[in-house]
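A.B. asks: Quick one: this structure, given as structure tokens, is what I'll be asking you about.
The values are calculated or read from the model by the stated rules, or taken from the named source; none is laboratory data. These numbers come from a predicted model, not from an experiment. Heads up, the Cβs are rebuilt from the backbone with ideal geometry, glycines too, and the neighbour counts pull from every protein chain shown.
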């Protein structure tokens with residue numbers, strides 16, 4: 001257990017991992033975003049023709065081949081993605097949790113749907129064939145906490161574990177709650193993040209019915225998601241995983257870990273309004289909470305990673321929320337919406353975008369809001385539409401994640417310095 | 001005819017084990033084949049050979065135990081194992 005120390009403690013990030021449509025490492029994600037490379041493409045499989053639009057942002061790396069057949073029995077794709085991203089983050093952190101350290105490490109994981117592929121397979125077989133027996137591993141592969149349990153098994157993380165499901169904000173909540181747990185001394189280290197793998201026929205058709213997916217742009221399908229642009233029409237479904245190793249600052253320093261950034265604020269609120277319609281009031285309260293916890297004034301945020309899904313309503317409401325908090329200064333803060341490039345990774349979004357935000361912080365370069373074409377009076381901030389932008393003074397970055405159900409999660413990170421500013 | 005060779009071959013194909021690993025006396029849990037994976041494997045055998053498990057829980061601990069169990073069922077149910085399908 002954590003020994004007596006000054007509370008709250010400082011919380012630093014010592015490892016990041018990401019498996020996304022833009023590559024199978026965190027570094028690949030950050031570089032692809034900077035370059036404005038899109039991971040959106042037409043799906044090529046046996047059922048893509050049954051979709052109104054076959055566009056998606058799939059993970060292209062051969063994920064399955066990284067696991068033995070035996071291991072795969074209990075691993076849905078969502079857990080495979082989790083293990084790859086979690087493994088990368090732990091490796092970078094240089095943390096070996098197989099000994100005593102694993103007892104004091106918490107596990108905080110987010111997912112919107114859990115093992116969608118497994119569940120859909122079991123349903124399909126059961127409906128089509130009255131004599132069908134789903135595989136004996138169906139339950140453990142699709143349960144929402146499957147990834148969480150598998151991460152514990154793989155890396156011997158034996159402290160408290162939690163699974164968060166709040167749609168698109170799931171893994172931002174996971175990172176935020178992990179931050180609070182390390183900050184308060186509940187655990188010394190935490191593996192936090194999220195994974196999502198829901199590019200299945202049933203789930204994609206259900207999303208199509210909801211009318212939130214982007215209209216394909218015929219001659220340039222990879223540019224179909226256009227956050228904050230007047231011609232935006234929705235998002236593109238994607239899959240992936242993002243992971244962060246959070247650690248109490250003094251122990252990270254004591255073991256000589258490379259500190260990538262410090263997490264300093266987290267806000268979480270509920271709209272209590274509508275199950276899908278976002279609410280600027282709820283969002284702005286979450287931003288204010290995060291600022292208050294970070295001890296920052298609105299003038300100290302240098303860049304923002306927007307939730308920015310590219311829906312007509314969502315982007316306008318987020319713009320409004322930013323104005324409510326930042327006032328006249330809102331227009332001077334660069335706002336990037338990276339979902340244009342990596343797609344909407346649902347439950348994995350918050351963690352993946354936090355990994356992207358930390359990359360921006362480290363490189364002092366924010367990624368663009370890609371595919372923007374036309375100004376919209378309802379979205380009148382600085383969305384970094386010209387391409388990646390170097391910000392030599394970038395010290396503090398904020399990342400927004402808002403989920404169906406009305407959950408708003410906001411994280412703030414700062415470049416690390418031994419003496420806190 | 002013992003079902004052992006067919007079972008060994010399936011363990012190699014389905015679970016990615018090596019031929020050396022699947023000796024009759026090899027312990028399943030030491031191969032990473034836990035109780036869930038064993039049930040999964042028995043389901044595969046049932047589906048492939050149209051066998052019906054007796055429903056009586058039998059202690060299956062080794063590769064040889066699986067073969068013994070399958071041999072009994074094959075005999076009781078008058079089935080010929082044909083892995084050419």
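A.B. asks: Of all the residues that make up the stretch A:398-421, how many are outside any loop (DSSP other than H, G, I, E, B) and within 15 Å of the chain's Cα centre (by Cα)?
C.D. replies: Taking the stretch A:398-421 first, the residues outside any loop (DSSP other than H, G, I, E, B) are A:398-403, A:407-414.
Next, from what is left, pick out any that are within 15 Å of the chain's Cα centre (by Cα): A:398-403, A:407-413.
Final tally of qualifying residues: 13.
A.B. asks: Same structure, new question: Out of curiosity, is residue A:66 modelled with pLDDT of 95 or more and within 14 Å of chain B (Cβ to nearest Cβ)?
C.D. replies: Details: modelled with pLDDT of 95 or more: yes; within 14 Å of chain B (Cβ to nearest Cβ): yes.
So residue A:66 passes the test.
A.B. asks: How many residues does the stretch A:98-145 contain that are within 14 Å of another protein chain (Cβ to nearest Cβ), over 24 Å from residue A:198 (Cβ atoms) and under 24 Å from the mean Cα position of the chain (by Cα)?
C.D. replies: So the answer is 0.
A.B. asks: Please indicate, with yes or no, whether at least one residue in the stretch B:47-57 is under 22 Å from residue A:65 (Cα atoms), in contact (Cβ under 8 Å) with a residue 24 or more places away in the chain and within 14 Å of chain A (Cβ to nearest Cβ). Working first, answer last.
C.D. replies: Kept after step one, since they are under 22 Å from residue A:65 (Cα atoms), are these residues of the stretch B:47-57: none.
No, the conditions are met nowhere in the stretch B:47-57.
A.B. asks: Do the conditions hold for residue A:75, that is, is it in contact (Cβ under 8 Å) with a residue 24 or more places away in the chain and either within 14 Å of another protein chain (Cβ to nearest Cβ) or on the phi > 0 side of the Ramachandran plot (or both)?
C.D. replies: Details: in contact (Cβ under 8 Å) with a residue 24 or more places away in the chain: yes; either within 14 Å of another protein chain (Cβ to nearest Cβ) or on the phi > 0 side of the Ramachandran plot (or both): yes.
Against the criterion (in contact (Cβ under 8 Å) with a residue 24 or more places away in the chain and either within 14 Å of another protein chain (Cβ to nearest Cβ) or on the phi > 0 side of the Ramachandran plot (or both)), residue A:75 qualifies.
A.B. asks: Using beta carbons and a limit of 9 Å, which pairs, at least six apart or on different chains, have the first residue in the stretch A:260-272 and free of Cβ contacts under 8 Å to residues at least 24 places away in the same chain and the second one part of a strand (DSSP E or B) and surrounded by fewer than 22 Cβ atoms within 10 Å (Cβ to Cβ)?
C.D. replies: Correct list of pairs: empty, since none qualify.
A.B. asks: Now, a different point. If you check residue A:416 against the conditions, is it closer than 25 Å to residue A:276 by Cα, in contact (Cβ under 8 Å) with a residue 12 or more places away in the chain and in contact with a strand residue (DSSP E or B) (Cβ under 7 Å, 6 or more places away or on another chain)? Even if it seems obvious, please write down each step before you answer.
C.D. replies: On the way: closer than 25 Å to residue A:276 by Cα: no; in contact (Cβ under 8 Å) with a residue 12 or more places away in the chain: yes; in contact with a strand residue (DSSP E or B) (Cβ under 7 Å, 6 or more places away or on another chain): yes.
No; evaluated as a whole, the condition is false for this residue.
A.B. asks: Right, next: Considering only residues of the stretch A:275-289 that are in contact with a helix residue (DSSP H, G or I) (Cβ under 7 Å, 6 or more places away or on another chain) and part of a helix (DSSP H, G or I), which is farthest from residue A:173 (Cα to Cα)?
C.D. replies: The selected residue is A:280.
A.B. asks: For the stretch A:235-254, give me each residue that is surrounded by 24 or more Cβ atoms within 10 Å (Cβ to Cβ) and not in a strand (DSSP E or B).
C.D. replies: Step one: of the stretch A:235-254, the residues surrounded by 24 or more Cβ atoms within 10 Å (Cβ to Cβ) are A:235-247, A:252.
Of everything in the stretch A:235-254, those that are surrounded by 24 or more Cβ atoms within 10 Å (Cβ to Cβ) and not in a strand (DSSP E or B) turn out to be A:236, A:239, A:252.
A.B. asks: Select from the stretch B:45-57 the residues that are assigned to a helix (DSSP H, G or I) and surrounded by 15 or more Cβ atoms within 10 Å (Cβ to Cβ) and list them in ascending order. Don't jump to the end; show me each part of the working.
C.D. replies: The initial filter retains those residues of the stretch B:45-57 that are assigned to a helix (DSSP H, G or I), namely B:45-49.
Those that are assigned to a helix (DSSP H, G or I) and surrounded by 15 or more Cβ atoms within 10 Å (Cβ to Cβ): B:45, B:46, B:48, B:49.
A.B. asks: Answer yes or no as to whether residue B:12 is at the interface with chain A (Cβ under 9 Å from one of its Cβ atoms) and under 21 Å from residue A:74 (Cβ atoms).
C.D. replies: Working: at the interface with chain A (Cβ under 9 Å from one of its Cβ atoms): no; under 21 Å from residue A:74 (Cβ atoms): yes.
No, not satisfied.
Here is a yes/no grid of residues against (1) touching a strand residue (DSSP E or B) at 6+ places or on another chain (Cβ under 7 Å); (2) under 18 Å from residue A:228 (Cα atoms):
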residue	(1), (2)
A:255	no, no
A:277	no, yes
A:296	yes, no
A:313	no, yes
A:319	yes, yes
A:333	yes, yes
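A.B. asks: Residue B:27 passes all but one of (1) surrounded by fewer than 16 Cβ atoms within 10 Å (Cβ to Cβ); (2) over 14 Å from residue B:8 (Cα atoms); (3) touching a residue at least 12 places away in the same chain (Cβ under 8 Å); which number fails?
C.D. replies: Unmet condition: (2).
A.B. asks: Only one residue in A:89, A:56 is in contact with a strand residue (DSSP E or B) (Cβ under 6 Å, 6 or more places away or on another chain), surrounded by 20 or more Cβ atoms within 10 Å (Cβ to Cβ) and assigned to a helix (DSSP H, G or I). Which one?
C.D. replies: Working: A:56 fails: assigned to a helix (DSSP H, G or I).
After applying the criteria, what remains is A:89.
A.B. asks: Oh, and also: Identify, from the list B:60, B:66, the residue that is in a helix (DSSP H, G or I) and in contact with a helix residue (DSSP H, G or I) (Cβ under 9 Å, 6 or more places away or on another chain).
C.D. replies: On the way: B:60 fails: in a helix (DSSP H, G or I).
B:66 is the lone residue from the list that is in a helix (DSSP H, G or I) and in contact with a helix residue (DSSP H, G or I) (Cβ under 9 Å, 6 or more places away or on another chain).
A.B. asks: For the list (1) within 14 Å of chain A (Cβ to nearest Cβ); (2) surrounded by 15 or more Cβ atoms within 10 Å (Cβ to Cβ), I need the number of the one condition that residue B:64 fails.
C.D. replies: (1)
A.B. asks: Looking at this structure, is residue B:21 over 20 Å from residue A:72 (Cβ atoms) and either part of a loop (DSSP other than H, G, I, E, B) or without any contact (Cβ under 8 Å) to a residue 60 or more places away in the chain (or both)? Write out each step before concluding.
C.D. replies: Values: over 20 Å from residue A:72 (Cβ atoms): no; either part of a loop (DSSP other than H, G, I, E, B) or without any contact (Cβ under 8 Å) to a residue 60 or more places away in the chain (or both): yes.
Spelling it out, it is not the case that residue B:21 is over 20 Å from residue A:72 (Cβ atoms) and either part of a loop (DSSP other than H, G, I, E, B) or without any contact (Cβ under 8 Å) to a residue 60 or more places away in the chain (or both).
A.B. asks: Quick one: count up the residues across the stretch A:294-315 that are in a helix (DSSP H, G or I) and either touching a helix residue (DSSP H, G or I) at 6+ places or on another chain (Cβ under 9 Å) or not assigned by TED's automatic domain parsing to the domain that holds residue A:371 (or both). Break it down into steps so the answer makes sense when it comes.
C.D. replies: Filtering the stretch A:294-315 for residues in a helix (DSSP H, G or I) gives A:294, A:298-300, A:312-315.
When the remaining residues are screened for being either touching a helix residue (DSSP H, G or I) at 6+ places or on another chain (Cβ under 9 Å) or not assigned by TED's automatic domain parsing to the domain that holds residue A:371 (or both), the result is A:294, A:298-300.
Count: 4.
A.B. asks: Being out of contact with any strand residue (DSSP E or B) (no Cβ under 8 Å at 6 or more places or on another chain), under 21 Å from residue A:67 (Cβ atoms) and more than 10 Å from chain A (Cβ to nearest Cβ) is the filter here, so list the residues in the stretch B:21-34 that pass it.
C.D. replies: Going through the stretch B:21-34, the residues out of contact with any strand residue (DSSP E or B) (no Cβ under 8 Å at 6 or more places or on another chain) turn out to be B:21-23, B:29-34.
Among the residues that remain, those that are also under 21 Å from residue A:67 (Cβ atoms) are: B:21-22, B:29-34.
Selection gives B:21, B:22, B:29, B:30.
A.B. asks: If you check residue B:79 against the conditions, is it touching a residue at least 24 places away in the same chain (Cβ under 8 Å), under 30 Å from residue A:65 (Cβ atoms) and either away from chain A (no Cβ under 14 Å) or part of a strand (DSSP E or B) (or both)? Walk me through it before giving the result.
C.D. replies: Values: touching a residue at least 24 places away in the same chain (Cβ under 8 Å): yes; under 30 Å from residue A:65 (Cβ atoms): no; either away from chain A (no Cβ under 14 Å) or part of a strand (DSSP E or B) (or both): yes.
Here the answer is no, as residue B:79 does not meet what is asked.
A.B. asks: Given the conditions (1) touching a strand residue (DSSP E or B) at 6+ places or on another chain (Cβ under 7 Å); (2) closer than 24 Å to residue A:289 by Cα, which single one is not true for residue A:221?
C.D. replies: Every condition holds for residue A:221 apart from (2).
A.B. asks: For the stretch A:135-218, which fully contained helices (runs of 4 or more DSSP H) count at least 1 residues that are in contact with a helix residue (DSSP H, G or I) (Cβ under 7 Å, 6 or more places away or on another chain), touching a residue at least 40 places away in the same chain (Cβ under 8 Å) and surrounded by fewer than 23 Cβ atoms within 10 Å (Cβ to Cβ)?
C.D. replies: A:138-142, A:146-155, A:201-210
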